[in-house]
Structure formats: C-alpha cells, structure tokens
Amino acid sequence: MDMGLRIALYSHDAQGLGHARRNLNLARSLIRSNPDSDILLICGTPHVAGLNVPGNIDTLILPQIRKDADGNYKSKARIRSLSDTLSLRGEILTTTLSKFQPDILIVDKHPFGLKGELRPAMDLLRQKGTLMILGVRDILDDPNVAQDEWRKAEGPLAVHDYYTAAWIYGDQSINDPTAAFLLSEQDSSKKIFTGYLNPLELESRSGDSLCLPSGLEALGSYCLCQLGGGQDGVGLAKMFMEAEYGRDRSGVIILGPFMDESSRSFLKAKAKSRSDLYVLDFASPMLPIIAKADCVVSLGGYNSVCEILSLNKRALIIPRTKPRTEQLIRAKKMHAYGLVDYIRPESLSATMLSDWISASTSSISSQQAAASLDFGGFSRIPELVSSMVEKRNRDALVCQR
C-alpha cells in the first residue's frame, strides 16, 4: 500500500458504542499503517464524538435508530417512523459512498446494513470495483438464533456476491461462529479469523499518553465497575453501590453515555452517601482507568472484555442475557479458559460482590491471557488489506493484457 487508499467503515449502532468503537479502532490501525489513506467512519451514534477520533479520520453520523428492551428496532425521532428513518439513512449512505468511491468498504455485522439499508450503495460500489469486507465479532448470539437472523438478512447471498472476505474478530480456538453463516464450500474460503482486537497493542503504537480523568489521578486503590453504554446497567450499578470494597480501597463507576437522565441522577445522589465511591458519566479512553484498577466488575461486551484481558486484570463479568445471549456465551467461554469469573445478573447479590472484591486470589496470571488468546488483530488486519489490494491490482493488470 505505497499509495493512500480510500477506506469507508460502516456500523449501524442501535445500542451502545461497541460497533462504533470497534470500527474506530480499525480505522486508527489502518491509517497508522498507511498515513496517506483517506478514511471515512460511518456510524449511527453522535456519541462517537466523545471517543477521541483522530483529526485525519472523517465521520458521518446517520439518523439514529434505537433498540428497545425486547430487541426491536425503532426510530430515535418521535415523529418519524422506522421505515422513514431507514429510507433516509439508505439515501445518505448511497449518496455519500457513491461520491467517496472507496477502495475498501468494511461493514460491521449486518451483511447488507441494518434492514438492508446499505444494499443500494453496495450495488453501486460493486460496479466500481470496491473491495468489500464483512467484519463480525467473536460471538453473535445463540448459534440457532444467529443462523436464523443470518438467513433472514440474506447473509449467504451477500458473502457470495459482494464480499471479498469475511473477518471474524476472534480466536477460532475460543469460538467459531461460522456454522451460522451457512456458507457454501466455495465461500468458506473467504472467512478469516483475525484474532482478537487488542486495544493495548493499538495504544502502545500510538505514542499518545493515556491520562486518567480528572478526579482519579490522586485516587489510591480502587475497584472499577463499568457499564458499557449504560442503558441497561442500572441494576449492576445499584448492587455495586451496596457492596464493600475493602479497607483503603474505593469504588469507581463509569455510568456510560446512554444511561437515561433519571437513573443517572438517582445513582449520583445515592453515591453522595459514600466517601469511598466515585461516579463518572463517561470516560474515553478506558484503558488507563482499567490499568490502575485492582479489579474490574463489568458487563460482557466485546470491547470491554478485550480491554480487561489485554491488561490481565482480575475481572468479574456480569453478562447481559437479554435480548441476546452473546455476552453470556462469551463469559462462559472465557471462564472455561480461566480468564475471568462470571455471575449471571439474576444470581448477583451485594454480599457476593463484596466477597469477590475482597478475595485475594486472581482468576488469571499476568501472562495467561496473552498466552491463551490470539490477540493479533490490529497487526494482522493492515496486512490483510494490503494483500487484498495487491491481488486486485494484479488481477486488473491481467485483464488489461
């Protein structure tokens, strides 16, 4: 990749920041390997602005879609229907991508975009020779549920007709989700396990200093409770507030940007009754906060678990179990490898949490996570892109001859 590339990354972002965070880190990795590239990050959440987006990465925020407690998609705008919002998003995507003309399009999770919103743009890009890559996390959901959703989304057709590669951001020895993809023998060659995306590796190559948020610099020993986006973390936050952190240790809670204001206000007011508890609305990057923590209590999202394991932190995962079982499956598999402890949310109590925080034994050793997992995603992906572009250029020369 001696010359710069135009690379677009799409994520739908109906709940939380996981998809946008993953694509942003991919964009950062790609532009560091090829600084002359022109990168466009397309996402569905305005909260990406709080994720320290580098100045050389452009962002496009689509009209917002949200997911309710039952997993159903709805328009964030009260006076606009879901179908109207999807139509508007589709028009924006088609116009933008036809003008941007990317060499590479990386699509997160949904093979044709959310409810097919990306398909018209993909039709145009296919005619122009854009290389398209589908990227999915290590675990999608219960295999039967994932397979049914994949079939409804026309995933096999998308991979066969549109995608050059299907990346799985994980380690095949931990979990292989590809049985749900229903790929033909021919298309199975397109799947590539990139390894987990290690945020510590990405930051160590950045040269940037990772500073603690104001108020935590002088804090001594603490246990961290992180709630992901925060939209469904109120129960865990309340339980953590009732727990004991141990002598000379504090508790720190990161509420997340999607927590509703009434819950946020309630938790902040409740926290004032304790001198050993600190509450922050949102923090980015999370790595320095996790790095300083004695132990971490967390939901089980992909990015959160990768951050915890990259820093070899003693962790208790409280996985979300509805509307998807993705986090529960991830917690079980990581626990089976001795990397984390986990408790189902309905089984958690303040006493149990207190006992775990005060325990002196660790579920992982300082070297175990690195030795057990393939964490080479951010090193491998630029090489994969380079190989794809070189093959495309060679094929183009052969056609010209």
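Before we move on, is Y278 without any contact (Cβ under 8 Å) to a residue 60 or more places away in the chain and over 19 Å from G16 (Cα atoms)?
Working: without any contact (Cβ under 8 Å) to a residue 60 or more places away in the chain: no; over 19 Å from G16 (Cα atoms): yes.
No: the conditions fail for Y278.
Quick check: anything in segment 69-90 in contact (Cβ under 8 Å) with a residue 40 or more places away in the chain and part of a helix (DSSP H, G or I)?
Yes, segment 69-90 contains a residue that is in contact (Cβ under 8 Å) with a residue 40 or more places away in the chain and part of a helix (DSSP H, G or I).
Have a look at D2, D13 and point out the one that is within 11 Å of the chain's Cα centre (by Cα), part of a loop (DSSP other than H, G, I, E, B) and either modelled with pLDDT under 95 or on the phi > 0 side of the Ramachandran plot (or both).
Selected residue: D13, the only one of D2, D13 that is within 11 Å of the chain's Cα centre (by Cα), part of a loop (DSSP other than H, G, I, E, B) and either modelled with pLDDT under 95 or on the phi > 0 side of the Ramachandran plot (or both).
Within the set of pairs 6+ apart or on separate chains, which have a first residue in segment 28-57 that is part of a helix (DSSP H, G or I), a second that is surrounded by 17 or more Cβ atoms within 10 Å (Cβ to Cβ) and of a type in the set (D, E, K, R), and C-beta atoms under 7 Å apart?
Listed by first residue and then by second, the contacts come to L51/R21.
May I ask you to verify whether G18 is assigned by TED's automatic domain parsing to the domain that holds G135 and either free of Cβ contacts under 8 Å to residues at least 12 places away in the same chain or under 18 Å from L134 (Cβ atoms) (or both)?
Yes.
Any chance segment 197-213 includes a residue that's of a type in the set (G, A, S) and crowded, with 18+ Cβ neighbours inside 10 Å?
Initial filter on segment 197-213 (of a type in the set (G, A, S)): 204, 206-207, 209.
Filter again for crowded, with 18+ Cβ neighbours inside 10 Å, leaving none.
There is no residue in segment 197-213 that is of a type in the set (G, A, S) and crowded, with 18+ Cβ neighbours inside 10 Å.
Hey, does segment 160-168 have a residue that's modelled with pLDDT under 95 and out of contact with any strand residue (DSSP E or B) (no Cβ under 7 Å at 6 or more places or on another chain)? Walk me through how you get there before you give the answer.
Taking segment 160-168 and keeping what is modelled with pLDDT under 95, we get none.
Within segment 160-168, not a single residue is modelled with pLDDT under 95 and out of contact with any strand residue (DSSP E or B) (no Cβ under 7 Å at 6 or more places or on another chain).
If A77 satisfies every condition in (1) touching a Pro at 6+ places or on another chain (Cβ under 6 Å); (2) surrounded by fewer than 19 Cβ atoms within 10 Å (Cβ to Cβ) but one, which is the exception?
Among (1) touching a Pro at 6+ places or on another chain (Cβ under 6 Å); (2) surrounded by fewer than 19 Cβ atoms within 10 Å (Cβ to Cβ), A77 violates only (1).
Going by what's in this entry, would L26 be described as buried (at least 17 other Cβ atoms within 10 Å of the Cβ) and either more than 13 Å from the chain's Cα centre (by Cα) or within 19 Å of L227 (Cα to Cα) (or both)?
no
Restricting to segment 160-178, count the residues that are assigned to a loop (DSSP other than H, G, I, E, B) and closer than 17 Å to G113 by Cβ.
So the count comes out to 1.
Select from segment 340-372 the residues that are buried (at least 16 other Cβ atoms within 10 Å of the Cβ), at pLDDT 90 or above and not in a helix (DSSP H, G or I) and list them in ascending order.
V340, D341, Y342, I343, L348
If you go through segment 291-310 one residue at a time, how many are assigned to a loop (DSSP other than H, G, I, E, B) and under 17 Å from the mean Cα position of the chain (by Cα)?
Qualifying residue count, segment 291-310: 3.
What's the number of the only condition in (1) part of a loop (DSSP other than H, G, I, E, B); (2) touching an Asp or Glu at 6+ places or on another chain (Cβ under 6 Å); (3) of a type outside the set (S, T, Y) that F258 fails to meet?
(2)
With respect to K74, determine if the residue is of a type outside the set (D, E) and touching a Leu at 6+ places or on another chain (Cβ under 8 Å).
It is true that K74 is of a type outside the set (D, E) and touching a Leu at 6+ places or on another chain (Cβ under 8 Å).
When the residues of segment 310-332 are filtered to those that are closer than 26 Å to V145 by Cα and of a type in the set (K, R), which remaining residue is surrounded by the most Cβ atoms within 10 Å (Cβ to Cβ)?
Only one residue tops the list, namely R330.
Name every residue in segment 373-401 that is among the small types (G, A, S), in a helix (DSSP H, G or I) and in contact with a helix residue (DSSP H, G or I) (Cβ under 9 Å, 6 or more places away or on another chain), in order of residue number.
Result: G377, S379, S386.
Do you know which residues across segment 240-274 are among the hydrophobic types (A, V, I, L, M, F, W, C) and within 25 Å of the chain's Cα centre (by Cα)?
F240, V252, I253, I254, L255, F258, M259
Just checking, does segment 179-200 include any residue being over 30 Å from F112 (Cβ atoms) and part of a helix (DSSP H, G or I)? First the steps, then the outcome.
Just the residues of segment 179-200 that are over 30 Å from F112 (Cβ atoms), to begin with: 200.
When the remaining residues are screened for being part of a helix (DSSP H, G or I), the result is 200.
Yes - at least one qualifying residue is present in segment 179-200.
Out of P288, P319, I need the residue that is in a loop (DSSP other than H, G, I, E, B) and either not assigned by TED's automatic domain parsing to the domain that holds A49 or not aliphatic (A, V, I, L, M) (or both). Which one?
P319
If we keep just the residues of segment 33-74 that are among the small types (G, A, S) and under 18 Å from the mean Cα position of the chain (by Cα), which is surrounded by the fewest Cβ atoms within 10 Å (Cβ to Cβ)?
So the residue we want is A49.
The values are calculated or read from the model by the stated rules, or taken from the named source; none is laboratory data. Note that the structure is a prediction, hence the values are computed from the model and not measured. Because the Cβ atoms are built from the backbone with ideal geometry, glycine has one as well, and the counts that use them run over all protein chains shown.
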